[in-house]
Amino acid sequence: MASSSSLLPRPQLRTPLISNLNSFPRAWSLFILTHPTHPKHGNKQKLSPFAISAVYTPRSTYTPSKPSKTEPRNDPISVLNERIRREYSKKEVFRTVMNSEEAGKYMRMVKEQQQKGLQKLKGDREKKDGVFSYRVDPYTLRSGDYVVHKKVGIGRFVGMRFDSGKNSSQATEYVFIEYADGMAKLPVNQASKMLYRYSLPSETKKPRTLSKLSDTAAWERRKVKGKVAIQKMVVDLMELYLQRLKQRRPAYLKTPALAEFEAQFPYEPTPDQKQAFIDVERDLTEQETPMDRLICGDVGFGKTEVAIRAIFCVVSAKKQAMVLAPTIVLAKQHFDVISERFSVYPDIKVGLLSRFQTKAEKEENLDMIKNGSLDIIVGTHSLLGDRVTYNNLGLLVVDEEQRFGVKQKEKIASFKTSVDVLTLSATPIPRTLYLALTGFRDASLISTPPPERVPIKTHLSSFSEDKVVSAIKYELDRGGQLFYVLPRIKGLDEVMTFLAESFPNVEIAIAHGKLFSKQLEDTMEKFALGEIKILICTNIVESGLDIQNANTIIIQDVQQFGLAQLYQLRGRVGRADKEAHAYLFYPDKGLLSDQALERLAAIEECRELGQGFQLAEKDMGIRGFGAIFGEQQSGDVGNVGVDLFFEMLFESLSKVEDHCVVSVPYHSVQVDMNINPHLPSDYINYLENPMKILSDAERVAEKDMWSLMQFTENLRRQYGKEPRSMEILLKKLYMRRMAADLGISRIYSLGKMIFMKTNMSKKVFKLMTESMASDLHRKSLVLEGDQIKAELLLELPKEQLLNWIFQCLAELHASLPSFIKY
């Protein structure tokens, strides 16, 4: 006989090792399984939680049905299991279940954080009832612009004109909007309260279709999709930050050495910089929760000094600090600045890890990081690699997070629950900005420039060789240096030839990321020392590279750069007291997309210093939400447009307490359905240890849905697809588990009516039912008091009734990720 093995899920082992699957257990004499409360047994012995009876037939055989690898599994349990697997696979940890006291405290914290975030929101957004509105001013619309009417949907703005009403001689100004099935007009005062500009996450701003005036229900369904997506996003964020808030580390000490270190800063800090110093110091020395702060300041405004002071605080406590930069150029610059600042502290060792180093140098650095000999480690994404083992990491400083790839960002996010994190950015990625605005993340803004800084003069025009030569000649004549930036490596040599002919006696060099490490390092070193006057390069210089004498930048083919990239590139100049110039050249306006023109107009508007934060907000609308919420949510944004989606997001955050589902204990759920199938005796005979399997099934169902899903899949993997009677038993387990998660304590039926006793609020019920895919289930359900009721067209046979309830619960359960569960 095959050895007994449990079907319960084990850590790190998804598929149990089963020996000799086709062998059969020994034959029992007469084997009867009964419900524990059967009158023959009383309540003394709990053989099984199931209502089953089966009689063993000697030597009968059971042949399991196993679907082929190519055949899809479409039975309801498989479909539900697949959804559960998808949902859980997106999370590193399973969904947090909070107790009511913890949840209440967390709700208050979120509300407070949100208010902080709203106070930080800059710009001219209208604030109403504590929520910022993204409604559009009708007078700013141009004919052909796409707009969203909150009640009707997506239309095309035609124009505005005065018109007299039927019962009035006085002319009223109306807004005219074209829809799929006609033209609508509404007074300007109404339009200003109901209209939003429509923009999409993708390049195009054109919606798939216009809405119909005659079918507002279709628009409502699209809005619901957006609302559900927002809800899920808010809950995911809450869980991530709750996880961080639960982490603890001892507060760092305020020491005289820290004050002495701060006094060595050779410049007078600006007011914003002083506030950022205070904010970070409080995070480190007055709280035991790991810091997660965004320092948003324009280039050259002193963000690095904020990070250096945080590093000193952490390193003084014998912990390591990691400084992560997106490019080697920026990493090297950080290394030089930090090394110089810590040069008077011989006990504090600073190291650089980059591809410029030899294999031996890298290995030495890795060993020093592991044994704690290096206190401050500077580098690129290689610092996130598996080979890097930290001895006692206390602080992660991330510069220009938007430049990292998805995998690196995920790795950075994994640090945030255990170490202090400081993110530096002149133009934060939209997600970072969004978190800062909504208060889930603390932000310090440095928007006042150093006293000696002069605004950068921006010139935007079509490309001509004469304009380029004139700009270069002006800078060289005043003894300065220039950047000449192109979007791709391909055009660098062509520009080199042109400039070498135009300026034969000037030292010119090329720099891009695919040069040999040593060659790139030498080029950058020579440019920094002033030996090279013109550097032709890609956007490798977008971050870092602080060259005081370089005060002109020429950017060719600007339409191929993102707004954040242009802003960062422009910030490479103007670091000294000379007036700096940024020349942005495009080939021909007729070749530019609407989005590219909008980017350029926005950067022209931001000529004053310190507008990176406002620019990033503008960038959110232009570049779209794909980068913020991921590809999955960007489709939901398309349903309603960016502006309405963002307003709905703020609204969702302000009503976060309405989105709670209170689960009930599994054992308290009653499913009053008189359906007790008999398991076939040959199937019982085929199971290796039927009593243990049935007992395990109840136990995992009591634990959580993930465990039940794993159990069922392992059961099928080992014994094949179960017979119909066993499937019914499993469905009853799933029903109880889903009901417990949803806060449903009893399910029963009377004739054509189905009743579910619940603690669900009306708002939760409304959102849950609105998000149901099946019209049949959605339209059948109503909530009256503490009962969810469904009236069927006719009284169903028991098994069909069970299937209907199973599917209904599965659809309600699918919306759970959009709710806070406790």
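Derivation of every value follows stated rules applied to the coordinates shown; laboratory data play no part. Quantities reported herein were computed from a predicted structural model and do not represent experimental measurements. Virtual Cβ from ideal backbone geometry, glycine too; neighbours counted across all protein chains shown.
Brief remarks follow.
- Cα gyration tensor shape for the stretch 242-318, rounded if a/c is under 1.5, else prolate or oblate: oblate
- Here the stretch 454-489 and the stretch 565-596 have alpha carbon centers that stand 10 Å from each other.
- Qualifying trypsin sites (Lys or Arg not before Pro) in the stretch 351-388, where qualification requires a DSSP coil assignment and no more than 15 other C-beta atoms within 10 Å, comprise 355, 387.
- Mean-position separation - Cα centroids, the stretch 245-295 and the stretch 735-749, in angstrom: 50 Å
- The stretch 269-335: trypsin sites (Lys or Arg not before Pro) falling in loop per DSSP and having at most 16 other Cβ within 10 Å: 318
- Note: relative contact order over the stretch 324-398, using C-alpha pairs below 8 Å and six or more positions apart, is 40 percent.
- Orientation-averaged projection of the stretch 638-708 equals 9.5 nm² [convex hull of Cα atoms, one quarter of hull surface area].
- Set 225/821; 227/779; 193/821; 721/763; 752/821; 319/821 screened for pairs whose C-alpha atoms are more than 28 Å apart: 193/821; 721/763; 752/821; 319/821
- Shape category assigned to the stretch 736-777 from the gyration tensor of Cα positions, a/c cut at 1.5: oblate
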